[in-house]
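The structure appears right after this line, and notes come after that.
The values are calculated or read from the model by the stated rules, or taken from the named source; none is laboratory data. From a predicted model like this one, the values you see are computed outputs, not experimental measurements. Glycine gets a Cβ as well: all are built from the backbone with ideal geometry, and neighbour counts include every protein chain shown.
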Amino acid sequence: MRSYIIRRILLIIPTLIFVSLIIFTTIRLIPGNVIDIMVDNYAAGMSGSVSIADKKIIEHNLGMDVPIYEQYGRWVDQIVHGNLGTSLWQQTPVVDSIEARWPVTFELGLLAILIAQVIAVPIGVYSALRQNTWGDYLGRSFAILCIAVPSFWLATLVIVYPSIWWGYMPSVMLIKFTTDPLGNLKMFIIPAIVLGMGMSGGTMRMTRTMMLEVMRQDYIRTAWAKGLKERIVVIRHALKNALIPVVTMTGQQMTMLAGGTVIIESIFGLPGMGLLIISALNNRDYVTFEACLLLYSIVLVVINLITDLTYGYLDPRIHYH
């Protein structure tokens, strides 16, 4: 196990190097750059034009007057020394913006994952145990509905119709958990349910499929033959083995959660990492955008490692070499 973990951690290094190259070059391939945007803003504010010399000064101050490979080298050197850089627009450390916003995204993602599992696993198990009954048909239909309905569309409906019918709008001011725990939960619960429902559909179907497969195994028949209660057979013997593919799917959903939180945060106006990334992308704030995506990549790589290690706990027959 120890050697396996060491190998996986060492493998993270080339993975992150490759990811950093993609992150660094992708935003620069988007038409329009930060220099042009700044020049246009300055020209509009001055009601005139900006000279080529002034543009060169801006490029030099931002460190963009050198070849792109040298810019990449400087950025990597900053990252290695624990410095995420300085925002090109606010001229403030990017880490300050991330520290202020990551708790929002973390809370939203955590609630969404918990809600997805609370919805998916019980319904999937019940649907498998009551195969081809009305309960099974309803569970499968609900799973298909969760998969088919886009989260952004459902979130838009949740915002629009209550405001039209009842004059209710979610709070646009962030309520911190330390200030008002109940108010904080009320603010996050609806976006988390919308985001969690989108993830629960696939997990429901996977749970049902694996439970059906496990329930046909010989050791389950032996447990029934011993006269064990259904609850004991399901929880102690069947569910643990059936959850191995579900854990894999949950790990994959966590990787997709990054994109989901960006959309949901934008719709509900939650000041999390999603809004920070969109703002950085629109303003071509390369440093902020690169820092946010690199942190996302690190988190996702760690989640994949934890997912792999979870297999050994769920199934002792799995060994790591």
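Scanning segment 153-200 for residues that are at pLDDT 85 or above, among the small types (Gly, Ala, Ser) and either part of a loop (DSSP other than H, G, I, E, B) or farther than 19 Å from Leu110 by Cα (or both) yields no hits at all. One residue stands out among those in segment 8-25 that are surrounded by 12 or more Cβ atoms within 10 Å (Cβ to Cβ) and modelled with pLDDT under 85: the one that is nearest to the chain's Cα centre (by Cα), which is Ile12. The set of residues from segment 37-73 being closer than 13 Å to Tyr286 by Cβ, exposed (fewer than 13 other Cβ atoms within 10 Å of the Cβ) and either of a type in the set (D, E, K, R) or modelled with pLDDT under 80 (or both) is empty.
Could you tell me whether segment 132-147 includes any residue that is more than 18 Å from the chain's Cα centre (by Cα), acidic (Asp, Glu) and outside the structural domain of Ile23 (by TED's automatic domain parsing)? Looking through segment 132-147, at least one residue is more than 18 Å from the chain's Cα centre (by Cα), acidic (Asp, Glu) and outside the structural domain of Ile23 (by TED's automatic domain parsing).
Listed conditions (1) touching an Asp or Glu at 6+ places or on another chain (Cβ under 7 Å); (2) modelled with pLDDT of 80 or more are all met by Ile244, apart from (2). On the stretch given as segment 244-297, residues that are in a helix (DSSP H, G or I) and farther than 22 Å from Ile27 by Cβ total 14. Flag not set for Thr222, criterion: buried (at least 16 other Cβ atoms within 10 Å of the Cβ), of a type outside the set (A, V, I, L, M) and part of a helix (DSSP H, G or I). The combined condition, being touching a helix residue (DSSP H, G or I) at 6+ places or on another chain (Cβ under 8 Å) and either acidic (Asp, Glu) or at pLDDT 85 or above (or both), is not fulfilled by Leu138. For segment 91-111, the tally of residues that are surrounded by 13 or more Cβ atoms within 10 Å (Cβ to Cβ) and within 15 Å of Ala291 (Cβ to Cβ) stands at 10. Looking across segment 259-279, the residues that are more than 12 Å from Ile159 (Cα to Cα) and of a type outside the set (Gly, Ala, Ser) come down to Thr261, Val262, Ile263, Glu265, Leu270, Pro271, Met273, Leu275, Leu276, Ile277, Ile278. Of the residues contained in segment 179-193, one or more are found to be among the small types (Gly, Ala, Ser), closer than 17 Å to Glu265 by Cα and assigned by TED's automatic domain parsing to the domain that holds Arg140.
Whether any residue in segment 171-189 is of a type in the set (Gly, Ala, Ser) and either under 29 Å from Leu243 (Cα atoms) or surrounded by 21 or more Cβ atoms within 10 Å (Cβ to Cβ) (or both) is what I want to check. Looking for residues that are of a type in the set (Gly, Ala, Ser) and either under 29 Å from Leu243 (Cα atoms) or surrounded by 21 or more Cβ atoms within 10 Å (Cβ to Cβ) (or both), one finds none in segment 171-189, hence no.
So His237 ticks every box in (1) more than 20 Å from Tyr296 (Cα to Cα); (2) modelled with pLDDT of 80 or more but one. Which box is left unticked? It is condition (2) that His237 fails.
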